[in-house]
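Take a look at the structure below.
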Protein chains: 4
Amino acid sequence: MTLTKPFLSDNAAAVHPKLWEAMRAADEPDNPYDGDRLSAELDAAFTALFGRECAALWVATGTAANCLALATMCAPHGGVVCHREAHIEVDEGGAPGFYLHGAKLMLAEGEGAKLTPEDIAALIDPIRNDVHQVQPHAIAITQASEYGRTYTPGELAGLGAFAKGRKLGLHMDGARFANAAAFLGGSAVEAARSASGPVDSLAFGFIKNGGMGAEAVILFDPERAAEVRYRRKRAGHLQCKGRYLAAQILAMLDGDLWLANAAHANAAAQEVAAGCGERLLHPVEANELFVHLTQAERAALRAQDFAFYDWGAQSARFVTAWNTRAQDAAALGKAIAAL
Amino acid sequence: MTLTKPFLSDNAAAVHPKLWEAMRAADEPDNPYDGDRLSAELDAAFTALFGRECAALWVATGTAANCLALATMCAPHGGVVCHREAHIEVDEGGAPGFYLHGAKLMLAEGEGAKLTPEDIAALIDPIRNDVHQVQPHAIAITQASEYGRTYTPGELAGLGAFAKGRKLGLHMDGARFANAAAFLGGSAVEAARSASGPVDSLAFGFIKNGGMGAEAVILFDPERAAEVRYRRKRAGHLQCKGRYLAAQILAMLDGDLWLANAAHANAAAQEVAAGCGERLLHPVEANELFVHLTQAERAALRAQDFAFYDWGAQSARFVTAWNTRAQDAAALGKAIAAL
Amino acid sequence: MTLTKPFLSDNAAAVHPKLWEAMRAADEPDNPYDGDRLSAELDAAFTALFGRECAALWVATGTAANCLALATMCAPHGGVVCHREAHIEVDEGGAPGFYLHGAKLMLAEGEGAKLTPEDIAALIDPIRNDVHQVQPHAIAITQASEYGRTYTPGELAGLGAFAKGRKLGLHMDGARFANAAAFLGGSAVEAARSASGPVDSLAFGFIKNGGMGAEAVILFDPERAAEVRYRRKRAGHLQCKGRYLAAQILAMLDGDLWLANAAHANAAAQEVAAGCGERLLHPVEANELFVHLTQAERAALRAQDFAFYDWGAQSARFVTAWNTRAQDAAALGKAIAAL
Amino acid sequence: MTLTKPFLSDNAAAVHPKLWEAMRAADEPDNPYDGDRLSAELDAAFTALFGRECAALWVATGTAANCLALATMCAPHGGVVCHREAHIEVDEGGAPGFYLHGAKLMLAEGEGAKLTPEDIAALIDPIRNDVHQVQPHAIAITQASEYGRTYTPGELAGLGAFAKGRKLGLHMDGARFANAAAFLGGSAVEAARSASGPVDSLAFGFIKNGGMGAEAVILFDPERAAEVRYRRKRAGHLQCKGRYLAAQILAMLDGDLWLANAAHANAAAQEVAAGCGERLLHPVEANELFVHLTQAERAALRAQDFAFYDWGAQSARFVTAWNTRAQDAAALGKAIAAL
């Protein structure tokens, strides 16, 4: 089925032409696994982008990226604090339990699927410091959040200080990191820096942003990379022909394509948002919209060929992508406004 | 580095043009994960190929394919019998321990990295039937084996009867299944059937045979597929844009490309073998050659731009691929003969 | 420190004299592990007690008993529904995550730490039936509950029907099973039967009821016992001198000591409850009392040598045991009434 | 069945009277788990015994003791080198795979089930330093070994230097540590020190030496104790009434009972050995004898009421214990000599 006016998700959008080019260019023989020359460029490329030393590993999915990073900061007998609606809790099929060998996700409340130090403290302060209760080892946040909200540099600084004070690791699920960075603004380097802040690790998503099958695990303590490389292999995520994944990622970084793609998606989301008015359940700070719509209103939109998911009984989710057509976004905004 | 006259491995060879085409053709929007129309075709395509009902799931690596299949047949407190030099034991970074939650690999001896019922019985018969000793739950064999040897239909029947008699699952690591099937001969359907025999599951490799990043887990008891789907997601192996993996696999099946590619590689291997004479450590039944060569002889070959791995102190391994040039294979055979 | 007027917990009470006798009587040599004649009697003894066929294994702790039973009914990629305040969630240090290899505890709400089919349905009905979300495999309830509440036979029948209808396993944490059975009344056999109902497995507690270090895992499908025996060994819980554990358990069953001990503790709890009036936060149906008491009131009681735990800021928990002295219980009741 | 002239194993021998006394003395109420005054004495007691700072935790079995210690030094993606016939490999039902989350046991060869640095190097030196192969993280040795052999202080120093040089942890399975210490001689402190050497952790066995159900995990880096306490709870090994376990251990240390019991068993073994002559398969350095005996000879001994296990087809194993009667040992030695 070819989808028309698709706002279902960015996760199935087509692959960007420049990534196709880059993959084709990688078609000549090279060393297997991550021994090829493209994979070898990743550390330097991301170090340049973030303006701080880091190690970068490709992996095929955000789920694997999140879990491999979290495994460096949470022992099997510990816990990872995340939002009750975090993707790792709700939509990864229990992957953290697998990769972290039974460690516990500890569910905090927070507005817009974001967490503040106060939200986290409310959850973990009552935990008795004894062996009968699982102790938190790390915090995982999502940038942009599951409701399309963005952490500001100031908010990230606060979380970083809190995590450091509690001796907790801080991981960022960046499935839509590019959209957050684009929203926060500035040059690519400035945007990357302000959107990542003082985290220990980042699952930097490219697939929702025009990639085919490559995300990057970014470790801001490069000494942890060796462990992650072993764990990646052990999880069956060390692909033979890693150069095709590295090629996608490098093409994304080249000329800041990642940021341009995300800016496009964000702009389309704002176009839609312009028609939503009071219907918006959350401010639109990335490329997702959560919109109050009755069942009849949703039916009316679908009758106009707009594709999207229901979100509970009284609302819908719309997601824009790197290739959302401007006219589709404008049409959707108008259609909602006209309801 | 561009490798010239490469016989290092088939695992880094270029992607076949027909797979590129198929992936590009998949570039239009469709449902994410394995909800797309291409992924939906896999069960039927493999059922037709094997002439017996099966379920088929794509996954990015052979390691994941093997482990997901094994997890259906071996409980965490059980063991999997495999050859001492099996890939799952030697080269998968402990992945079976991860996916099987600590189950044990039980190492049998056998000629050419193949196992016979007698080899397996010699290992497991002395195991006391009590809780102090890990009990075998499954057997894993490799087709073609780690030394490029092929199980005949008769041998597979013997192993199947043995496994059934002992109530053990039987899994086949088919990273080079196509090469084995091509060696055994017949039409694609006959070859697939004779090379797979009475196994419960097969990790059907395509990557070494011209693929980019897609293998198939074949479950001959389709009822086990549901569990594997959950486990695949949990392992972070359910890619968003699964249609690009399905496209690769379907293109491989289309017109029996898988078999043609393997036949090409096998023929190249025979071309090399023709020059090896007594130097061959194992009969060449697929696309790998293990050749007795002194250090000086290896140096001499490398001076002629042949790339390959040492195999211990006194021999070398040569691997041909779907795209090995006939003149390179002939040249290598002659060069070895001339030593 | 010797505790006076102790109402802290039943979990540290002295060992019953008859158990000491039984352990001493077991001091002659016998086969190790569970090969001794006492361990061999367990299956029959519990089958007689419950009036239905079952297998019974000793284990040193309730945590291990719960987890070993749950592992038979929940795959690593599944989930176990339990109350948000269930012991397995709150106080077992993440043991279910360890024993179940990362399976998820799914937290339901319910009055008095009990669960109804409606409570469970409210939690699991919204779970999408897809691989992105962990699916429930089992339900765990606690009899008596963490708030000293007891499931009636009718309630258990309802849960059993619900679990069967949903194809979920049903496990009972019976750390204070004896107290529940004593509360429900009848002969030992009747009480055991009515307190256990249609569960698949029961962690039958003896330690809080006068034991030293032996609980029983009861499997009402005896075919599952073999797996649990392997898992018990694998968890390091197969003690060499198992006869001392079996001796404790058999002594508890002998002459229905388990029921008499629990009845004593329950009676003491009722004696205390008589003085609590409106202060009681939960009906007293076993041997625990949760009592509204200000900080000053708690201090006043402690000044009278009563030992107990705070329960939040405005209440306290009192637990009676098999050896609670009648005069202490009466004194506590009066002291609370006099506040 | 009451066994007469039992040489089957020390693992099912009666409990020493002093331990009964100590357990009975612990029968007064105290804090649960390891919060009691006896458990609190363990660290100091073992620090005094070994003459070096250490932390000590009770646990019910040697299997749990070994695995909890190993988990502090081997990550899930690593391996533990042990002898091919080590108890952790052969007789613990896969427990290391469970506790270490799938880490691999790497099997070395060595005379008398002992390992030398050379034995270990022969195993691990060929391991490629890449992610495809599991890397060793730790070494586990057994003192006394599975064949009743003892590591001398010099041998231990060599292993310690090797482990340190390779950055590997070094754990000692001391199920029969007391017998090794008694064999090595000296005061209790000297014996403990010389038998433990430069290990990082020790599973100090008491159960085979007259205990009921308590072993000690000794951590010579006390900072690791916190992690082990969490893991012990998580494994269901934190017993409520831990004071009964602590009481056993403290009674064993009191007046060096552990050493006296072991010396008694060793002496009995020597008494038997005196009659074995050339039949001995291994020097007798602890309390186990492996004796060449034909089937007919074994039948002849059993006809004289000696109980023991066959050890393969042509030999038998005899184990003495703290309570082996001198006349039985003498009789056995004479009976063998008379064959």
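Quick check: is even one residue across the stretch A:248-258 within 30 Å of B:Ile88 (Cβ to Cβ) and at pLDDT 95 or above? Looking through the stretch A:248-258, at least one residue is within 30 Å of B:Ile88 (Cβ to Cβ) and at pLDDT 95 or above. If you check A:Thr72 against the conditions, is it more than 9 Å from every other protein chain (Cβ to nearest Cβ), under 28 Å from A:Gly197 (Cβ atoms), modelled with pLDDT of 95 or more and not in a loop (DSSP other than H, G, I, E, B)? Criteria not met by A:Thr72. For the stretch C:52-80, residues that are under 18 Å from C:His137 (Cβ atoms), open to solvent by 10 Å² or more (accessible area, probe 1.4 Å) and under 13 Å from the mean Cα position of the chain (by Cα) total 0.
Whether any residue in the stretch C:207-219 is touching a Ser or Thr at 6+ places or on another chain (Cβ under 9 Å), at pLDDT 95 or above and of a type in the set (S, T, N, Q) is what I want to check. No, the stretch C:207-219 contains no residue that is touching a Ser or Thr at 6+ places or on another chain (Cβ under 9 Å), at pLDDT 95 or above and of a type in the set (S, T, N, Q). Going residue by residue through the stretch D:311-318, is there one that turns out to be without any contact (Cβ under 8 Å) to a residue 40 or more places away in the chain and more than 25 Å from D:Gln143 (Cα to Cα)? Looking through the stretch D:311-318, at least one residue is without any contact (Cβ under 8 Å) to a residue 40 or more places away in the chain and more than 25 Å from D:Gln143 (Cα to Cα). Would you confirm whether or not the stretch D:97-115 contains a residue that is in a strand (DSSP E or B) and either modelled with pLDDT under 95 or over 30 Å from A:Arg232 (Cα atoms) (or both)? No: zero hits. Quick check on C:Ala65: is it assigned to a loop (DSSP other than H, G, I, E, B) and either away from chain A (no Cβ under 14 Å) or closer than 17 Å to C:Glu227 by Cβ (or both)? No, not satisfied. Within the stretch D:95-118, the set of residues being free of Cβ contacts under 8 Å to residues at least 40 places away in the same chain and either at the interface with another protein chain (Cβ under 7 Å from one of its Cβ atoms) or of a type in the set (Ser, Thr, Tyr) (or both) comprises D:Ala95, D:Gly97, D:Phe98, D:His101, D:Gly102, D:Ala103, D:Lys104. Each residue in the stretch D:129-154 was checked for being open to solvent by less than 20 Å² (accessible area, probe 1.4 Å), more than 30 Å from A:Gly35 (Cα to Cα) and part of a loop (DSSP other than H, G, I, E, B), and 6 pass.
Selection over the stretch B:303-322 of residues that are open to solvent by 60 Å² or more (accessible area, probe 1.4 Å) and within 20 Å of the chain's Cα centre (by Cα) gives a count of 2. When the stretch A:18-44 is filtered for residues that are open to solvent by 30 Å² or more (accessible area, probe 1.4 Å), closer than 22 Å to A:Ala56 by Cβ and at pLDDT 95 or above, the ones remaining, listed by number, are A:Lys18, A:Glu21, A:Ala25, A:Tyr33, A:Asp34, A:Gly35, A:Arg37, A:Ala40, A:Glu41, A:Asp43, A:Ala44.
Tell me whether the stretch B:15-23 contains one or more residues that are more than 12 Å from chain A (Cβ to nearest Cβ) and part of a helix (DSSP H, G or I). Yes. Of the residues making up the stretch A:5-17, none is small (Gly, Ala, Ser), surrounded by fewer than 24 Cβ atoms within 10 Å (Cβ to Cβ) and more than 30 Å from A:His282 (Cα to Cα). Listed by first and then second residue, the pairs with beta-carbon distance under 6 Å, at least 6 apart or on different chains, first residue in the stretch A:39-63 and closer than 11 Å to A:Ile218 by Cα, second of a type in the set (Val, Ile, Thr) and open to solvent by 10 Å² or more (accessible area, probe 1.4 Å), are A:Glu53/A:Thr47; A:Cys54/A:Thr47.
The residues of the stretch A:274-283 that are open to solvent by 20 Å² or more (accessible area, probe 1.4 Å) and not basic (Lys, Arg), listed by number, are A:Ala274, A:Gly277, A:Glu278, A:Leu280, A:Leu281, A:His282, A:Pro283. Within the stretch B:111-126, being over 21 Å from B:Arg176 (Cα atoms) and either of a type in the set (Phe, Trp, Tyr) or buried (at least 24 other Cβ atoms within 10 Å of the Cβ) (or both) holds for one residue alone: B:Ile120. Scanning the stretch C:40-55 for residues that are part of a helix (DSSP H, G or I), more than 8 Å from chain D (Cβ to nearest Cβ) and closer than 24 Å to D:Ala235 by Cβ turns up at least one hit. Counting only residues that are part of a helix (DSSP H, G or I), touching a residue at least 24 places away in the same chain (Cβ under 8 Å) and over 24 Å from C:Asn31 (Cα atoms), the stretch D:274-308 holds 2 of them. With respect to the conditions (1) outside the structural domain of B:Asn209 (by TED's automatic domain parsing); (2) of a type in the set (A, V, I, L, M, F, W, C); (3) touching a residue at least 60 places away in the same chain (Cβ under 8 Å); (4) part of a helix (DSSP H, G or I), B:Ala330 lacks only one, and its number is (3).
Meeting the requirement of 2 or more residues that are within 14 Å of chain C (Cβ to nearest Cβ) and surrounded by fewer than 24 Cβ atoms within 10 Å (Cβ to Cβ), the helices (runs of 4 or more DSSP H) wholly within the stretch D:159-273 are D:225-234. Looking at the structure I just gave you, is D:Pro126 assigned to a loop (DSSP other than H, G, I, E, B) and not charged (D, E, K, R)? Spelling it out, D:Pro126 is indeed assigned to a loop (DSSP other than H, G, I, E, B) and not charged (D, E, K, R). Identify, please: which residue in the stretch D:81-96 is in a loop (DSSP other than H, G, I, E, B) and open to solvent by less than 20 Å² (accessible area, probe 1.4 Å) and is, among those, farthest from D:Asn11 (Cα to Cα)? Step by step, filter the stretch D:81-96, then rank; the result is D:Gly94.
Count of the stretch B:97-110 residues, restricted to those that are open to solvent by 10 Å² or more (accessible area, probe 1.4 Å) and more than 21 Å from D:Ala71 (Cα to Cα), is 4.
The values are calculated or read from the model by the stated rules, or taken from the named source; none is laboratory data. Predicted, not measured: the structure shown is a model, and the values here were computed from it. Positions of Cβ are generated from backbone atoms using ideal geometry, with glycine treated the same way; all protein chains shown enter the neighbour counts. Calculation scope for accessible area: heavy atoms of the full protein, side chains included, ligands and nucleic acids excluded. Shrake-Rupley method; radii C 1.70, N 1.55, O 1.52, S 1.80 Å.
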